[in-house]
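Report on the structure given below.
The values are calculated or read from the model by the stated rules, or taken from the named source; none is laboratory data. Because the structure is a prediction, the values reported are computed rather than measured. Note that each Cβ is placed from the backbone with ideal geometry, even for glycine, and that neighbours are counted across all protein chains shown. Heads up: the accessible areas ignore ligands, DNA and RNA and are worked out on the full protein's heavy atoms, side chains in. Shrake-Rupley method; radii C 1.70, N 1.55, O 1.52, S 1.80 Å.
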Amino acid sequence: MTSPHQDNADGLDGWREEMSSAYLYRRLAAREDGTRKTLFLDLATAAERQAGIWSDRAATSGGALPGSFTPTLRTRIVAWLIPRFNPRTLRPILAAMKVRGLSVYRGPVGATYSQEHVDEAGRHRGVSHGGNLRAAVFGVNDGLVSNASLILGVAGAGSDSRIIVLSGVAGLLAGAFSMASGEYVSVRSQREMYEHQIDLEREELNLYPQEETDELALIYAARGMSKEEAQRLAASMTSNPEQALDTLTREELGLNMDQLGSPWGAASTSFLAFAVGAAIPLLPFLIGGSEYRLGWSVGLAGAALFGVGCALSLFSGRSALLSGLRMLSIGAAAGAATYLIGTLLGVNLGN
């Protein structure tokens, strides 16, 4: 496997990354207090020590480092965001900048943490599947609302059934492909970021394993463990190379590959979910043979929206009836607005 720093033997990239991390840790510490402030200050010091390892490597290889550290524009932008946004919101950005200790925002480490960690991958797979199901329900809802609104807008303009069918099919395909491409790019980008950070962790674990163990112990201590217990658990977790990499990725960077599915799987799920939702209000026009096609379309879309709202109550824990009625009212408002706009445009355009 190619090392992230292999093309820079003098350690300049590694030195710069560690110094950037230290710079951002101090920005995080400035907005925190208590154990979190202490954690990020300690991590900043640790990052500067690790930067020294890269500096020594540069000296050994005959390379030269800059006289002082100057943050890049990207680092400065992230530093500007830190005091203005909750770090929980910034976790993906901070992880991409190789800022560790982000799992501290998940809460305390319990006494049974070791067993929880053993079972964690299985639980996250369940969460991932649940998230995909929830995303599929929302995809159906997006297809319903957008295509029903499109059909009502075109119908309001006075177009005949052929134009409505053409518009509905175009809306279905355009929306489904847009959803699929967006999901693919999103999941693929996340996976690439995760894989890059894991490669960096693997390299650093090989270069300075004790420093990585010490950092992990700092994180455990910040999450409520005693220093002795934190050091003992960190040493245990990093004793096996593969387990160490998995633990460091989860705890230092707050990353979990198990939470991400396949980019193609996410794209196909989004495409199908949107297409199913968008096809429902279009069905009466595709079947034909009735003068009440628009009424049937509105009725089917309304029933489906109510059903989607009831389904979403499974994730929110709220009343299925109220959730269904809320979704129905939102869809009805969107449909009524587009029908009115279509009618006004139809009149003004002479239809």
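Has the stretch 170-177 got any residue that is open to solvent by 40 Å² or more (accessible area, probe 1.4 Å), more than 20 Å from residue 299 (Cα to Cα) and at pLDDT below 85? Among the residues of the stretch 170-177, not one is open to solvent by 40 Å² or more (accessible area, probe 1.4 Å), more than 20 Å from residue 299 (Cα to Cα) and at pLDDT below 85, which makes the answer no. When restricted to residues that are under 12 Å from the mean Cα position of the chain (by Cα) and either more than 22 Å from residue 139 (Cα to Cα) or surrounded by 16 or more Cβ atoms within 10 Å (Cβ to Cβ) (or both), the stretch 182-193 contains 5. Each residue in the stretch 194-214 was checked for being open to solvent by less than 10 Å² (accessible area, probe 1.4 Å) and over 11 Å from residue 235 (Cα atoms), and 5 of them qualify.
What about residue 195, is it of a type in the set (D, E, K, R) and modelled with pLDDT of 80 or more? So residue 195 fails the test.
Could you check the stretch 309-318 and list, in sequence order, the residues that are open to solvent by 60 Å² or more (accessible area, probe 1.4 Å) and assigned to a helix (DSSP H, G or I)? Explain how you work it out, then say what you get.
Pass one, the stretch 309-318, residues open to solvent by 60 Å² or more (accessible area, probe 1.4 Å): 314-318.
Matches in the stretch 309-318: 314, 315, 316.
Can you spot a residue in the stretch 260-269 that is modelled with pLDDT of 85 or more and either within 19 Å of residue 204 (Cβ to Cβ) or among the β-branched types (Val, Ile, Thr) (or both)? Checked the stretch 260-269: at least one residue is modelled with pLDDT of 85 or more and either within 19 Å of residue 204 (Cβ to Cβ) or among the β-branched types (Val, Ile, Thr) (or both).
Could you say which residue among 70, 89 is surrounded by fewer than 12 Cβ atoms within 10 Å (Cβ to Cβ) and within 25 Å of the chain's Cα centre (by Cα)? Only one candidate passes the filter, namely 89.
Could you list, in sequence order, all residues of the stretch 282-308 that are touching a residue at least 60 places away in the same chain (Cβ under 8 Å), open to solvent by less than 70 Å² (accessible area, probe 1.4 Å) and not in a loop (DSSP other than H, G, I, E, B)?
Residues of the stretch 282-308 touching a residue at least 60 places away in the same chain (Cβ under 8 Å): 282, 285-286, 288, 293-294, 297-298, 301, 304-305, 308.
With the extra rule that they be open to solvent by less than 70 Å² (accessible area, probe 1.4 Å), the set shrinks to 282, 285, 288, 293-294, 297, 301, 304-305, 308.
Within the stretch 282-308, 285, 293, 294, 297, 301, 304, 305, 308 qualify.
Only a single criterion out of (1) modelled with pLDDT under 90; (2) farther than 30 Å from residue 204 by Cβ; (3) open to solvent by 60 Å² or more (accessible area, probe 1.4 Å) is not satisfied by residue 343, namely (3). Checked against (1) open to solvent by less than 30 Å² (accessible area, probe 1.4 Å); (2) within 16 Å of residue 211 (Cβ to Cβ); (3) out of contact with any Gly (no Cβ under 6 Å at 6 or more places or on another chain), residue 24 meets all criteria but (2). Selection of the stretch 137-196 for residues being among the aliphatic types (A, V, I, L, M) and closer than 30 Å to residue 93 by Cα yields 137, 140, 176, 179, 180, 185, 187, 193.
The helices (runs of 4 or more DSSP H) found wholly in the stretch 23-123 and carrying at least 2 residues that are modelled with pLDDT under 90 occupy 34-61, 87-96.
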